[in-house]
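Note sheet for the following structure.
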Amino acid sequence: MFNHRIDEDTELRLHQDRHAEELFALVDRNRDYLREWLPWLDAAITVENEQAFIKASLEAFARGELLPLGIWHQGKMAGAIGLVSIDLVGRKGEIGYWISEDQQGHGLITRACAAVLTYGFDELNLNRIIIRAAVENTRSRAVPERLGFTLEGTERQSEWHYDHFKDVAAYSMLADEWRNREQA
Ligand SMILES: CC(C)(COP(=O)(O)OP(=O)(O)OC[C@H]1O[C@@H](n2cnc3c(N)ncnc32)[C@H](O)[C@@H]1OP(=O)(O)O)[C@@H](O)C(=O)NCCC(=O)NCCS
């Protein structure tokens, strides 16, 4: 069981089967807002879709390939964050995230990312963690920039979103850089 407190009101919790209805309700309420930047909304149209997503995520977690977390704020699910594509041999992973529209602007994602970085580097012994965001997604790009990631470049036409490709900005953080930053 992974639970990590971010502040008095906010906690990261490993997704559980019983979270499917709340996850679906949150996604459904934020569908249009999320759809602008995330490519998977059309695969999340029923509670059963979310049940299947959580089941597959927990299986990938058990294999050490994924860390699928809900962001819980004042007892309610407010968003999600995860380490995806964990490669324990190559010692690298990628962070993905989203937060409900009404919870933007409070630093929840930046602080959740910081916690996931520390977990990835210290507990999973990763050496490199990336964050990728559409070039035009300035709010998302501000997260790795705020945390001191290095911009490595642009992946051209890297993601298919419904009816078009998006160029993606790729950022990285190395374990040594994060530890130096934590100590500063
Ligand atoms: C991208 C997304 C997660 C960014 O959310 P966000 O709320 O802007 O990010 P944070 O939670 O880190 O909040 C940062 C804001 O809180 C403020 N803040 C307040 N307290 C803070 C703290 N302790 N630490 C950091 N920032 C803090 C920051 O100044 C910033 O404010 P600003 O937007 O006015 O500059 C959100 O817009 C989203 O989910 N979008 C739709 C889906 C999406 O794009 N996902 C990412 C795909 S790559």
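The values are calculated or read from the model by the stated rules, or taken from the named source; none is laboratory data. As the structure is a prediction and not an experimental result, all values here were calculated from the model. Quick reminder, even Gly has a Cβ in these numbers, built from the backbone with ideal geometry, and neighbours come from all protein chains shown. The area values use the complete protein model at the heavy-atom level, side chains included, leaving out ligands, DNA and RNA. Shrake-Rupley method; radii C 1.70, N 1.55, O 1.52, S 1.80 Å.
Looking at segment 47-67, can you tell me whether even one residue there is within 10 Å of the ligand (Cβ to nearest atom) and touching a residue at least 60 places away in the same chain (Cβ under 8 Å)? It would help to see each step written out before you state the result.
The first filter runs over segment 47-67 and keeps only residues within 10 Å of the ligand (Cβ to nearest atom), leaving none.
No, because not a single residue in segment 47-67 is within 10 Å of the ligand (Cβ to nearest atom) and touching a residue at least 60 places away in the same chain (Cβ under 8 Å).
With the requirement that a residue be within 19 Å of Arg13 (Cα to Cα) and either part of a strand (DSSP E or B) or open to solvent by less than 20 Å² (accessible area, probe 1.4 Å) (or both), what does segment 116-133 give you?
Within segment 116-133, the first condition is being within 19 Å of Arg13 (Cα to Cα), and the residues that meet it are 116-124.
Hits for segment 116-133 are Val116, Leu117, Gly120, Phe121.
Considering each residue of segment 118-145, count those that are touching a strand residue (DSSP E or B) at 6+ places or on another chain (Cβ under 6 Å) and either within 13 Å of the ligand (Cβ to nearest atom) or farther than 18 Å from Leu83 by Cα (or both), and give that number. Give the steps one after another, and end with the answer.
Filtering segment 118-145 down to residues touching a strand residue (DSSP E or B) at 6+ places or on another chain (Cβ under 6 Å) leaves 120, 126, 128-135, 140-141, 144.
Those left that are additionally either within 13 Å of the ligand (Cβ to nearest atom) or farther than 18 Å from Leu83 by Cα (or both): 130-135, 140-141, 144.
Total meeting the criteria: 9.
Would you mind stating whether Leu108 is within 29 Å of Glu8 (Cβ to Cβ) and either within 14 Å of the ligand (Cβ to nearest atom) or surrounded by fewer than 20 Cβ atoms within 10 Å (Cβ to Cβ) (or both)?
yes
Modelled with pLDDT of 95 or more and either in contact with a helix residue (DSSP H, G or I) (Cβ under 6 Å, 6 or more places away or on another chain) or within 8 Å of the ligand (Cβ to nearest atom) (or both): is that true of Gly148 in this structure?
Values: modelled with pLDDT of 95 or more: yes; either in contact with a helix residue (DSSP H, G or I) (Cβ under 6 Å, 6 or more places away or on another chain) or within 8 Å of the ligand (Cβ to nearest atom) (or both): yes.
So Gly148 passes the test.
Could you tell me whether Ser85 is touching a Leu at 6+ places or on another chain (Cβ under 9 Å), touching a residue at least 40 places away in the same chain (Cβ under 8 Å) and among the small types (Gly, Ala, Ser)?
Working: touching a Leu at 6+ places or on another chain (Cβ under 9 Å): yes; touching a residue at least 40 places away in the same chain (Cβ under 8 Å): no; among the small types (Gly, Ala, Ser): yes.
In short, no.
Just name the residue that is surrounded by the fewest Cβ atoms within 10 Å (Cβ to Cβ) out of those in segment 134-184 that are in contact with a Phe, Trp or Tyr (Cβ under 8 Å, 6 or more places away or on another chain), over 24 Å from Gln104 (Cα atoms) and of a type in the set (S, T, N, Q).
Once the filter is applied, the top-ranked residue is Gln157.
Kindly indicate whether Ile95 is β-branched (Val, Ile, Thr), under 12 Å from the mean Cα position of the chain (by Cα) and assigned to a strand (DSSP E or B).
Working: β-branched (Val, Ile, Thr): yes; under 12 Å from the mean Cα position of the chain (by Cα): yes; assigned to a strand (DSSP E or B): yes.
Considered against the rule, which asks whether it is β-branched (Val, Ile, Thr), under 12 Å from the mean Cα position of the chain (by Cα) and assigned to a strand (DSSP E or B), Ile95 comes out as yes.
Out of segment 23-38, which residues are in contact (Cβ under 8 Å) with a residue 24 or more places away in the chain and either surrounded by 14 or more Cβ atoms within 10 Å (Cβ to Cβ) or more than 16 Å from the ligand (Cβ to nearest atom) (or both)? Quick ask: steps written out before the conclusion?
Within segment 23-38, the subset in contact (Cβ under 8 Å) with a residue 24 or more places away in the chain is 23-24, 26, 29-30, 33-35, 37-38.
Answer for segment 23-38, where residues must be in contact (Cβ under 8 Å) with a residue 24 or more places away in the chain and either surrounded by 14 or more Cβ atoms within 10 Å (Cβ to Cβ) or more than 16 Å from the ligand (Cβ to nearest atom) (or both): Leu23, Phe24, Leu26, Asn30, Tyr33, Leu34, Arg35, Trp37, Leu38.
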